[in-house]
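Participant: Below you will find the structure I want to go over with you.
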Amino acid sequence: MNTLITYQVEDNLALIGLARPPVNALGQPLRAAVLDAAERAAADSQVKAVVIHGANGLFSAGADISEFGGDASFAAPDLPGLLLRLTRLDKPLVAAIGKLALGGGLELALACGYRIGEPGTRVGLPEINLGLLPGAGGTQRLPRLIGAKPALDMMLSGVQVGAESALAQGMLDRLSASAETLLDEARAYARELVTGEAPARPAPPFPEPAKGLPEDFLARFREENEPRWKSRLAPRLVLSAVEAACLLPLEEGLAREVALFKHAEASRQSEALRHVFFAEREAGKVPGIDPSTVPRPIGKVAVIGAGTMGGGISMNFANAGIPVTLLERQGEALDRGLAQIRHNYGISVKRGKLTETQLEQRMALLTGSLDYADLADVDLVIEAVFEKMEIKQEVFRTLDRVCKPGAILATNTSSLDVDQIAAVTARPQDVIGLHFFSPANVMRLLEVVRGRKTAPDVLATTLKMGRTLGKMPVVSGVCFGFIGNRMLEPYVREAHRLVLEGATPDQVDGVLTGLDLNMGVFSMLDLAGIDVNFLVRDSNRAAFAHDDSYCRLGDELYALGRHGQKTGRGFYAYEGRNRQDDYEVVALAERLAGELHLPRRRIDDAEIHDRCLFMLINEGIQLLDEGIALRASDIDLVWINGYGFPSHLGGPMHYAEHLGLDKVLTGIRHYRQALGDYGEMWFTPAPLLERLVAAGKQRIEPI
Ligand code: CAA
């Protein structure tokens, strides 16, 4: 008896139920079981039609991602072969799609001649997020079902399409009245097909998927979209596969798809993106916290401070339907904050992402207040006031007085010691850091800072809540800057120093964006504000500034009032959003280098890469060694979701593993020696990096 599927014959129908929890991933054992069942149904003359369904409701989330990159991925029966066999059965197949059909799951459904979903069904081809393309016929069968353009959009975006829209587009033929009746309605559908002597497969609506599109449609599409794709491989391969669907007969197209899929699967980008997929799931598992820990209920939230950060944080909750009390000290600041939130929602309405009604619904969830007494019954408070210890401690003393027992008290500090903040309360176990990134309603990263005394259920609650808000929560221990900003510091320092030594801001940024980072260091500082960066640096100068050149260029620009984009000048000069190199910055760097007796020279791109990236990586490894980060993959998630590090490089730790840890260590040692006193001061290899290389390890892990 095979436990991966259920198989029943009812009158003239065979029912094949996929039963591989949690998501019916189509790994080799399940594929073999499905093939076995399909052959049984094919051979049974009593069976006139077949229904394939998820035995536990959910249909399938696609191929088993953990098989990719190994022999199991194409081990017989491989998915394309299995699905081809299904298309050749001479009996109608009905896919009864409960909850989800993603990737290979949707391809399985497309191999069936008929598809019925339930009202909440979602279908999609999200392979692009894994650096892949649909590899089991999706790139060939979907364009023939819905046309080349919508199929291309679906594959390139990876979006999940809801039931109604899937029905309208023809991906579903029917919708059941409810999830509970799906299987019964699928049975009835199959019987109708038998009675009506329907063909095993209906003819595809778009046998020539590009018919009706301009002749140069695909070429134009490529030209328009390539700049956005940067160096990503998968979108280009998707396009090639769709091109094949438009030009080749089905069989040849299918063969081309397999070749393209194998190319993608073997790529470093896909390997990195698969790492990110599993990293995201790992991040929710915290050693020492029992998965059965019961989270505290979060029904009502308060945010203190109606500035940009507080406003953005509040919007997250309103978006999730959770009421928020927004507290300010002055009525004027409160009004300004609420008006800004309305304005932000208004932009979404203009862009068609929100309706007026939704805007009003969200605003109705926000209540302004000037009185701490209004916070007496909230379940969670997030403080987002000025970044100064005394001010934050004063807020927490007050919260300790007014909040009900068991309320979670969170600080949105980006660098301050959460334990010192917790210490002013009589309930440090309820205090935690929730570090949102600006703009807080957009950025996906949420650093969850666990204080020394933070209770396990407080951590579990905030992790769960973060996911409810659509964030990527990552746990960090307490240290200056937590994971993200602490790693940012040496990276920014090195970029500054390189400009003093002879590089230009544009050259440094160009090397980083050449790696597909969203922004280089200097564009980022100009956007965030040179003043903001200066103030953080200035308040911690004693801890970092051991040499006179330390971020000197940034200090001087601050003194000159060149605060970045908002003043029209920073490391670059701006006309609107257009950035230009500014010779004054080069002249300033030359002058400062002279004062510091730094010889200027031509700096090559490789040196920029190694100095900026190796310092970033080194700090990450040190954080892991200190236990601030729980695992290397958590660090990757912080940099991908908070700092624009390309996910197709897998994050800085994964990138280091790809470069080779020995190469990183050799590079750091090289610059330690080559850069004289400066090198001696800053280029100290993290002891864990040295231990890993000495032990011949390829992966970054605590040892
Ligand atoms: N393969 C292997 N494992 C998978 C998986 C898959 N396709 N989809 C989910 N899982 C695993 C997760 O790793 C997780 O495992 P752990 O509990 O051990 O961490 C478990 O299933 C539950 O997943 P989530 O925690 O993500 O649960 P969720 O309810 O939040 O989300 C989901 C469910 C929407 C299906 C989400 O997991 C998801 O998006 N999965 C990936 C879907 C996908 O990309 N499919 C395409 C695969 S590639 C393909 O099919 C290629 C092809 O053309 C042949």
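Participant: Please go through segment 117-128 and give me each residue that is within 8 Å of the ligand (Cβ to nearest atom) and open to solvent by 10 Å² or more (accessible area, probe 1.4 Å), ordered by number.
Facilitator: Result: P126, E127.
Participant: Taking L13 as the residue in question, decide whether it is away from the ligand (no atom under 16 Å from the Cβ) and assigned by TED's automatic domain parsing to the domain that holds P119.
Facilitator: On the way: away from the ligand (no atom under 16 Å from the Cβ): yes; assigned by TED's automatic domain parsing to the domain that holds P119: yes.
It is true that L13 is away from the ligand (no atom under 16 Å from the Cβ) and assigned by TED's automatic domain parsing to the domain that holds P119.
Residue by residue, here is whether (1) small (G, A, S); (2) over 24 Å from I640 (Cα atoms); (3) not in a loop (DSSP other than H, G, I, E, B) holds:
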{"residue": "L517", "(1), (2), (3)": "no, no, no"}
{"residue": "F522", "(1), (2), (3)": "no, no, yes"}
{"residue": "V532", "(1), (2), (3)": "no, no, yes"}
{"residue": "D538", "(1), (2), (3)": "no, yes, yes"}
{"residue": "D548", "(1), (2), (3)": "no, yes, no"}
{"residue": "E556", "(1), (2), (3)": "no, yes, yes"}
{"residue": "R591", "(1), (2), (3)": "no, yes, yes"}
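Participant: Then there is this: Out of (1) within 28 Å of the chain's Cα centre (by Cα); (2) surrounded by 19 or more Cβ atoms within 10 Å (Cβ to Cβ); (3) more than 30 Å from S73 (Cβ to Cβ); (4) away from the ligand (no atom under 16 Å from the Cβ), the odd one out for A148 is which?
Facilitator: Status for A148: all satisfied but (3).
Participant: Would you check if P80 is out of contact with any Pro (no Cβ under 8 Å at 6 or more places or on another chain), open to solvent by 50 Å² or more (accessible area, probe 1.4 Å) and within 15 Å of the ligand (Cβ to nearest atom)?
Facilitator: So P80 does not fit the description; no.
Participant: Being open to solvent by 10 Å² or more (accessible area, probe 1.4 Å) and not in a helix (DSSP H, G or I) is the filter here; which residues of segment 460-512 pass it?
Facilitator: L469, G470, K471, G477, V478, C479, F480, G502, T504
Residues checked against (1) open to solvent by less than 10 Å² (accessible area, probe 1.4 Å); (2) away from the ligand (no atom under 14 Å from the Cβ); (3) aliphatic (A, V, I, L, M):
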| position | (1), (2), (3) |
| --- | --- |
| L130 | no, no, yes |
| A136 | yes, no, yes |
| L152 | yes, yes, yes |
| S157 | no, no, no |
| Q169 | no, yes, no |
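Participant: Considering only segment 240-261, state which residues are away from the ligand (no atom under 16 Å from the Cβ) and open to solvent by less than 70 Å² (accessible area, probe 1.4 Å).
Facilitator: Of segment 240-261, the ones away from the ligand (no atom under 16 Å from the Cβ) are 243, 246-252.
Correct list: E243, C246, L248, L250.
Participant: Follow-up. Between A33, A19, which is without any contact (Cβ under 8 Å) to a residue 60 or more places away in the chain and away from the ligand (no atom under 15 Å from the Cβ)?
Facilitator: A33
Participant: Okay, next question. From the list R85, R31, exactly one residue is open to solvent by 10 Å² or more (accessible area, probe 1.4 Å) and basic (K, R). Which is it?
Facilitator: R85
Residue-wise test of (1) closer than 30 Å to A632 by Cα; (2) modelled with pLDDT under 95; (3) in the same structural domain as G62 (by TED's automatic domain parsing).
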residue: R232; (1), (2), (3): yes, no, yes
residue: P235; (1), (2), (3): yes, no, yes
residue: A244; (1), (2), (3): no, no, yes
residue: L248; (1), (2), (3): no, no, yes
residue: L260; (1), (2), (3): no, no, yes
residue: V276; (1), (2), (3): yes, no, no
residue: A279; (1), (2), (3): yes, no, no
residue: A283; (1), (2), (3): yes, no, no
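So that you can scan it fast, the table gives a plain yes or no per residue for (1) within 16 Å of the ligand (Cβ to nearest atom); (2) among the polar types (S, T, N, Q); (3) open to solvent by 50 Å² or more (accessible area, probe 1.4 Å):
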site	(1), (2), (3)
R281	yes, no, yes
P291	yes, no, yes
K300	no, no, yes
E328	no, no, no
K353	no, no, yes
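Participant: Since L110 meets every condition but one in (1) over 27 Å from L649 (Cα atoms); (2) within 12 Å of the ligand (Cβ to nearest atom); (3) surrounded by fewer than 24 Cβ atoms within 10 Å (Cβ to Cβ), which condition does it not meet?
Facilitator: (3)
Participant: Follow-up. Just for segment 36-48: of the residues that are open to solvent by less than 30 Å² (accessible area, probe 1.4 Å) and touching a Phe, Trp or Tyr at 6+ places or on another chain (Cβ under 9 Å), which one is farthest from the ligand (Cβ to nearest atom)?
Facilitator: Here the answer is A41.
Participant: Being part of a helix (DSSP H, G or I), modelled with pLDDT of 95 or more and of a type outside the set (K, R) is true for just one of G337, G299, G321. Which residue is that?
Facilitator: G337
Participant: Here's another thing I want to ask about it. If we scan segment 333-348, do we find a residue that is of a type in the set (V, I, T) and surrounded by fewer than 16 Cβ atoms within 10 Å (Cβ to Cβ)?
Facilitator: Filtering segment 333-348 down to residues of a type in the set (V, I, T) leaves 341, 347.
With the extra rule that they be surrounded by fewer than 16 Cβ atoms within 10 Å (Cβ to Cβ), the set shrinks to 347.
Within segment 333-348 (the criterion being of a type in the set (V, I, T) and surrounded by fewer than 16 Cβ atoms within 10 Å (Cβ to Cβ)), the answer is yes, since at least one residue qualifies.
Participant: Still on this model: Would you pick out the residues in segment 437-450 that are open to solvent by 10 Å² or more (accessible area, probe 1.4 Å) and farther than 22 Å from G337 by Cα?
Facilitator: R450
Participant: Taking only pairs six or more apart or across chains, which ones have beta-carbon atoms under 6 Å, a first residue in segment 59-74 that is aliphatic (A, V, I, L, M), and a second residue that is in a loop (DSSP other than H, G, I, E, B) and more than 6 Å from the ligand (Cβ to nearest atom)?
Facilitator: Correct list of pairs: A63/L26.
Participant: Something else about it: What do you reckon, is V585 in the same structural domain as R552 (by TED's automatic domain parsing) and open to solvent by less than 10 Å² (accessible area, probe 1.4 Å)?
Facilitator: Against the criterion (in the same structural domain as R552 (by TED's automatic domain parsing) and open to solvent by less than 10 Å² (accessible area, probe 1.4 Å)), V585 qualifies.
Participant: Let me ask something additional. If I filter segment 55-72 for residues that are hydroxyl-bearing (S, T, Y), open to solvent by 30 Å² or more (accessible area, probe 1.4 Å) and either in a helix (DSSP H, G or I) or within 15 Å of the ligand (Cβ to nearest atom) (or both), do I get at least one hit? Break it down stepwise before answering.
Facilitator: Initial filter on segment 55-72 (hydroxyl-bearing (S, T, Y)): 60, 66.
Now drop any that are not open to solvent by 30 Å² or more (accessible area, probe 1.4 Å), which leaves 66.
Still in the running and either in a helix (DSSP H, G or I) or within 15 Å of the ligand (Cβ to nearest atom) (or both): 66.
Yes - at least one qualifying residue is present in segment 55-72.
Participant: Quick one: in segment 415-436, of everything that is surrounded by fewer than 20 Cβ atoms within 10 Å (Cβ to Cβ) and in contact (Cβ under 8 Å) with a residue 60 or more places away in the chain, which residue is nearest to G642 (Cα to Cα)?
Facilitator: It comes out as S415.
Participant: Using beta carbons and a limit of 6 Å, which pairs, at least six apart or on different chains, have the first residue in segment 306-331 and under 13 Å from L366 (Cβ atoms) and the second one part of a helix (DSSP H, G or I) and aromatic (F, W, Y)?
Facilitator: V324/F317
Participant: Hey, can you tell me all the residues within segment 14-49 that are touching a Lys or Arg at 6+ places or on another chain (Cβ under 6 Å) and in a strand (DSSP E or B)?
Facilitator: A49
The values are calculated or read from the model by the stated rules, or taken from the named source; none is laboratory data. Everything quoted here is computed from the prediction, not taken from an experiment. Cβ atoms come from the backbone with ideal geometry, glycine included; neighbour counts cover every protein chain shown. Note: areas computed on protein heavy atoms with side chains; ligands, DNA, RNA excluded. Shrake-Rupley method; radii C 1.70, N 1.55, O 1.52, S 1.80 Å.
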